[in-house]
Structure formats: structure tokens, C-alpha cells
Amino acid sequence: MSPKAALELVCPAGNLPALKVAVDHGADCVYMGFKDNTNARAFPGLNFDQASAREGVNYAHAKGAKVLLALNTFPQSDKWERWQGAVDSAAELGIDAVILADPGLMGYAAKNHPKLRLHLSVQGSATNYEAINFYHEHFGIQRAVIPRVLSLAQVEQVVKNTPVEIELFGFGGLCVMVEGRCALSSYATGESPNTCGVCSPAKAVRWEQTPKGLESRLNGILLDRYGKDENAGYPTLCKGRFEVNDETYYAIEEPTSLNTLEVLPEMLEMGIAAVKIEGRQRSPAYVEQVTKVWRAAIDSAKRAPQSYSVNPAWMAQLNNVAEGQQNTLGAYHRPWK
Amino acid sequence: MKLALGPILYYWERDTTFSFYDAIAASPVDIVYLGEAVCSRRHNLRTEDWLELADKLAAAGKEVVLSTLALIESESDLKTLRRITGNGKFMVEANDMGAVHQLSSAKVPFVAGPHINTYNPQTLELLAELGARRWVMPVEMSREALSHMQATRPVGMETEVFAYGRLPLAFSARCFTARHFNLPKDDCQFRCMDFANGLTLKTREGQPFLALNGIQTMSASIYNLIGELDSMRATDVDVLRISPQAFHTDKIVKLYRDALDGQLTAQAAAQQMAKLMFDQPCDGYWHGKPGIEQSYLASAEDAA
């Protein structure tokens, strides 16, 4: 096994204020996207233009943090130039690494910007070392973000069999499907993460108060109906309540957050290079809270891995900002499956 | 255009599977994809069984392709993968970049399956250089997007389109069928075997929406491009894929064949198929719309 980088904290930057609070509160890296569908959080009002990207890079670099750029949607057949231009911009802006999913785009980046560091996005759906090593051999990727499907034992197997650094999701909204392999959103709305950088897009969402309760619909399809005392979350397609065999329940996934604080020492031990916080669509207040807690936790686990334990105050702070106010270890913990 | 039968995406009894392929051997399908593409826990047929079936179907004149798992997680999944990619006899459909890695390293030609995200000409070109001889369009791709791919398609590359069946939309680490029965995945008791076409998921107002097939989520509606044969020809599609469903798959194959050969109008074929389909048709993706929508003959049905 090659020596791996120490566990870095990678925080979301949906805009310049979020980037600054992440850097100020201890993020080793921030990741961001441009203001178009070249990234998987192509939401209105979010992301960076050239000027704010430049300011963000300068800010982060001045404080010793790295900036990663997500270009992790799949270039659509007739609009290749947009993605190619985004790679060129990243190199010009001095971005520390681009996070890519599309093999064609990786080929372009490796050939035209050989000094630009490449990370394989979670949207690249690489769930085994054979897949990761493919991207390493052909494009020289230096890090891969693993889909949220493997158990910790399976992650360890990957780490042992690749020279590529491994980054794991640590906290935030939980995709229950293998990233890059979910077309549920386009089935309902015509737009998906792969094709448009969105999932269950806001423009397709309708809320309606009815005698039966508050209803959320996605392109007319009923995703859920809430009673008076129930909290209504953002209507992501896979987190609605549906009927299967006349039983109504969260048939795919409850609205919960992934939270892996308790397995930090295991992650360190197996040589995980970085832990990623989800949530470029969330507020700077969320980014600040989560960055603070994770910085403290990682420092604590590094200082004394044997005696590390999750501080209840950390959990309370994270639960305040978690989706659905519940959290789970997800696939890292086998019974979840 | 050639007709292909995709891999069985559901989990059927062993005997059912063998008799299914007996019927397929006699059906007018040109290419048969074989193997378990969805869940590594399913084992009614072992790799040796699939290879035996492959020999039988090849003897019946079919082009046989072995499909690999879309979601490869464990060392034992990789071991199975190596057996398939190294079979030395039949072409392999790669459904994951790990499979592409093995096949391209061994310099053997392959099919880039529907779960390889081939969304642009640059990626298709790369796959061609790696040894792909055919690619299967992602199900969510539209005709318009496909036409851009076809304009610069590498020489010798065949294009296959998923044309019939419940759409494979998503994969997860979680088994949704086991979840429905409150069973852990590691002790799933293979309940997916009780649902030969998947387990239909409806909205709270009773609209069939999705289908749970173990770790895979499918459309409840049946994607059917029978009304688009002319537009597929005009887009230079080489192969149409029919995805096996529990009933009448051989009849669906025959209707597609007759429509392709001009023995039957597309409309007549569609009307006959309507009686054989266990859920609503959809064709939205081909038209660049939400996949769940249906265009072909929709207005005629409204009028009827």
C-alpha cells in the first residue's frame, strides 16, 4: 500500500459566503461548481461565475486551503464545448483539482492540461478497484470519491488495491441510489443528475394544501402527503411515501442524513484520504456549523484515535442542520441495506 | 435492424429460466444477452449454467453476449466478473468500468452496456479505442441526442437502443424488496423471486409509478418504441433490445420482427401488444420528455 494523504476535510461551497466560512472554520478543501449544468448542483441562485470563482480561489489559497471544482455531469452530445470550456477555465483559474465523472472529458483534461489534478467524481459510479484503476491507468486520476453503497470492509478492500486516494462521504443528504446510476428524476421530470445536474428539480415541484393534507407533487406525480403534525421536507423523489402491496411507507428511503462521525478512527486507520461534506445547496450557516464540528472531530480522532469518542454536543449541533433531523451510517453499516 | 433480447433483470426459478430460453431459441431474435446483471446474491443459475445456455443458444443460431453485473462491490463479485470477461468464447457486455478495464486490458472486443454512461461522442470514441464494437444507449437519452452521437460514430460501432420492457432506472446498495418485507439484505430470503415482473410501487393516490426489483428500481410503465421503428431506422440504430418480461416475451419478439419486416403495421403490432402488456406503455425518453410520458397512439386512445 502506498502512503496516503492524511484525512482531509472537504466542505461544500455553493457560493462565496459559504466558501469563506468553510475556509475560516477549518476546511482543508472546498468544492464548488460553475453557474451552469456542468455540475450536479445546477440550482438557480447557486454556484460561481468567473469573477467569484477567482475571488474564492484567491481567498482559499491565501489561507492555505485548496479549491476543487465539480464538473461532474455528463457532457450532452451536442453541447460538449461547454464542458471543455469549463475544464479550460479551471486550469486558468488555478483550481487545485477538477472532479470529473465523464471518461471523454477526463481524456480531454489529461491530454490538454496534464498538470491539472483529476479526481473521479462520485457520479462516476466506481464501486470497485478495477473501475478506479481504469481511470488511473488511462487518465492518471489521483483521487476517487466512492458512491455511498459500500460497507467499510468493502471500502478497505478498495483502498488496499489501488494507488488512488479514496474520498468518502461523511455527512449530509443521503443518496440511496448509486450516484451516476439513477434516472428516477428524468423518468418523472425529464431532467436528471447525469443529463442536467439536477434531481427532482424545484421547477417541477408543486405544493398544495388539500382536505387530505399538504401534498407535494413532482411534475404532477404525488410524492407525499403530510398530516398537520408532520414536517414536510424537500420533495426528493426517492424520499416520498408510496404504496407497495397496499402498505404506505418510505419505500425507498426516509429523509435522513448520512453521518459517519462515529467511524472516523476506522477511516483514519484504513488510510482514507478525505471526507466529504454534502450540501452545496445549503446555507452558509449550515456550512459553518458542519465545518466546525467535523474539524473538531477529525482533529480529535487524529490526536488520540484510541480514546476517540463522539462528543454528544457535536451530534446535537449536526442534528440541528440534518435533513429530517435523523441520521444514519448508511451503507457503511451493513444492516442499513 | 437486428433484434436483441436483453439479460433477464428479474430473479426467476431455475426451471422457468431454462424453459424461457427454450422458447427464445425458437424465436426470431438475433442476439441474446445472458447472465445476472442486477444482484450478486442471485444464484439459481451459476456461471457454468449461463455458459451452458450460451452454447445451446449459439447452436440455435443466436449471437450470444454475456452480460456483467452493473454494481460490483466485493472481491467475490470481481471473481465472477473475471470468469465472464475471460470466458474466451463469447462476447461480453460490460456494465461497469471495472469490466471495461478487464476487457480492454485483455484486448478483446466488447459491448458497452446501458449502464456505462455514454453520453457524448468523445466517450464513444474512447470506448471504440478500448475495443467496444457496440454500445447500448443510456435509457434516458433522446432521439435528438442520439442523432448527434450517430453523426460522428466511430467506424464499425453498432448502436443498440433499449426498446421494450420496464426501464432499469436505478441501482442501490439497498434491496428494496427485502426492505418491503422488513428483511435485512444479507438475509433477504430471495423474496424477489415471488415477483416475476418486479413489485409495483404506487403513489398514495394509486398511480403505478415504479417497480422494485431487488437493488434495482424500474419504471412501472413498460417502455415501448414499437411506434418509433421508422425514426430509429432514420437515426441509423442497428439493434433493438427487448427486455425479458415474465409473460409473452416470445410473442413480443415476434410482433417486433413482423413490424420490422413489414408484415404488420406498427399500429397493428402496438394494438396486439396492448393485450400482452401488464402495465401502461411509455415512450417519453425517446421524445426528449419525462420517461413516464406516452406519445405514440396516446391521442387515439383518448379518443377511443
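The values are calculated or read from the model by the stated rules, or taken from the named source; none is laboratory data. Because the structure is a prediction, the values reported are computed rather than measured. Every residue, glycine as well, gets a Cβ built from its backbone with ideal geometry; the counts of neighbours run over all protein chains shown. To get the accessible areas, we keep the full protein, side chains included, count just its heavy atoms, and leave off ligands, DNA and RNA. Shrake-Rupley method; radii C 1.70, N 1.55, O 1.52, S 1.80 Å.
Here are some notes:
- Over all directions, the projected convex hull of the C-alpha atoms in segment A:204-337 averages 10.6 nm² in area.
- GNM flexibility winner over chain B from B:51, B:210, B:201 (Cα, springs under 10 Å): B:201
- Solvent-accessible area lost in complex, 10 Å² minimum, residues of segment A:99-124 relative to chain alone, 1.4 Å: A:102, A:103, A:104
- Computed over chain B, relative contact order equals 19 percent, with contacts defined as Cα pairs under 8 Å that lie 6+ residues apart.
- Ellipticity estimate at 222 nm from DSSP helix runs (n ≥ 4, -39,500 (n - 2.57)) divided over the protein assembly as shown, nearest 500: -10000 deg cm²/dmol
- In summary, the lysines within cross-link reach of residue A:302, defined as a Cα separation below 25 angstrom excluding same-chain residues under 8 places away, comprise A:4, A:20, A:63, A:66, A:160, A:276, A:292.
- Neighbouring partner chain Cβ atoms per residue of A:173-183, average, 10 Å criterion: 5
- Anchor residue B:254: lysines whose Cα lies under 23 Å away (excluding residues fewer than 8 positions away in-chain): B:2, B:56, B:62, B:275
- Binned Cα-Cα distance frequencies in segment A:175-262 - 10 Å width, integer %: 16, 45, 31, 7, 0
- A P(r) calculated from all alpha carbon pairs of chain A, with 20 Å bins opening at zero, reads 31, 60, 9, 0 percent.
- Chain A, relative contact order [Cα under 8 Å, separation at least 6], %: 20 percent
- Normalising by residue count, the protein assembly as shown has a Cα convex hull of 149 Å³ per residue.
- Sequence-distant lysines (8 or more away, or on other chains) whose Cα lies within less than 17 Å of residue B:185: A:337
- Debye log10 I(q)/I(0) at q = 0.07, 0.10, 0.13, 0.15 Å⁻¹ for chain B, Cα point scatterers: -0.25, -0.53, -0.93, -1.27
- Surface analysis of segment A:221-335 yields an accessible area of 43 Å² per residue, using protein heavy atoms and a 1.4 Å probe.
- Solvent-accessible area lost on pairing A with B (1.4 Å probe, both sides summed) amounts to about 5600 Å².
- Stokes-Einstein D (µm²/s) once Rh is taken as the Kirkwood radius of segment A:19-173 over alpha-carbon pairs, at 20 °C in 1.002 mPa s: 134 µm²/s
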